Amino acid sequence: MSNIRIALHSKSVKAFFGYVLLCILGVIFALPFLWMVSTAFKQPWQIYLIPPQWIPSPPVLDNFIRGWTSAPFSRFILNTALVTGLATLGTVLSSALVAYGFARFKAWDSNFLFGILVSTMMLPSQITTIPTYILFSRLGWLDSFKPLIIPSWFGGGAYNIFLLRQFFKTVPMDLDDAARIDGCGSFSILLRIMLPLAKPALATVSVFSIVYHWNDFFNPLIYLDSEARYTLAIGLQYFQSSYGESQLHLMMAVALIAVLPILVFFFLGQKYFVQGITVTGIKG
């Protein structure tokens, strides 16, 4: 009995120190974000104080108004929301359709084609940048949102297809057979059975897509020229280039506003995000 108590006590001590270590690491990784939040409420002279003043006294709320009105950030955030929304919708729909085909339709070369698809994840994006730019240039899509949205409607990305395919494969074929007996076709099975069951995986794909397109800097930098079409990432860089470190408090205030929608969305969808990562199927 004493051996059991010693083992349980040892396990509890290990768990305690494990949680303490995780908390310490969590605080360390959160420090840059906490510094951004602190700086957003500071006066310019408070930013470079040593030791740092983490809690501004008093907090300056006017930084947010001045920062937001110093550039057309309302236009930037509308552009970003438009690109993110349409691109995410295309990513979810197209990746689900392709993944359903790989999971349910068998052909002699389907595994070979899926292997080629997965192997594209190892291909650096820099390799395809120049050919893609030339293609969009000849299509007349430069300085428009088309290069940022339309490619998402054609496949949705190899990783998203892989994730949804693995999820679809966990759904028993008996459900498909029962649906076909009731007169459903393949497309009806996808809409009425597969997609409702795959909500956690679809939520995961949505989170990945929203975070990627909301924070994307490289693609808008290449394809957008007009200030009226800038996204938030380009707008923040534009602001930094214009004012430099002299307005760092305003820069952090605007950056905090830009990151808040992503944080809210992630915390609201965290449950589905964790469920989708586990790639589980039907619960018994």
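Points worth noting:
- Cβ pairs under 6 Å, 6+ apart, first in the stretch 63-86 and in contact (Cβ under 8 Å) with a residue 24 or more places away in the chain, second not in a helix (DSSP H, G or I): PHE76/TYR230; ASN79/THR231; THR80/THR231; VAL83/PHE145
- Among the residues examined, SER95 qualifies as touching a residue at least 40 places away in the same chain (Cβ under 8 Å), part of a helix (DSSP H, G or I) and either closer than 30 Å to MET251 by Cβ or not aliphatic (A, V, I, L, M) (or both).
- Residues (in a loop (DSSP other than H, G, I, E, B) and at pLDDT 85 or above) located in the stretch 48-92: PRO72
- Hits in the stretch 10-47 - residues which are at pLDDT below 85, assigned to a loop (DSSP other than H, G, I, E, B) and in contact with a Pro (Cβ under 8 Å, 6 or more places away or on another chain): LYS42, GLN43
- Some residue of the stretch 142-150 being without any contact (Cβ under 8 Å) to a residue 40 or more places away in the chain, under 24 Å from the mean Cα position of the chain (by Cα), under 30 Å from LEU197 (Cβ atoms) and crowded, with 18+ Cβ neighbours inside 10 Å: no
- Residues satisfying the stated conditions in the stretch 28-61, i.e. more than 21 Å from LEU263 (Cβ to Cβ) and either surrounded by fewer than 11 Cβ atoms within 10 Å (Cβ to Cβ) or of a type in the set (Phe, Trp, Tyr) (or both): TRP45, TYR48, LEU49, ILE50, PRO51, SER57, PRO58
- Across the stretch 208-223, a minimum of one residue is classified as in contact (Cβ under 8 Å) with a residue 12 or more places away in the chain, closer than 28 Å to GLN126 by Cα and among the charged types (D, E, K, R).
The values are calculated or read from the model by the stated rules, or taken from the named source; none is laboratory data. Keep in mind the model is a prediction, meaning the values are calculated, not measured. Here the Cβ is made from the backbone with ideal geometry for all residues, glycine too, and neighbour counts use every protein chain on show.
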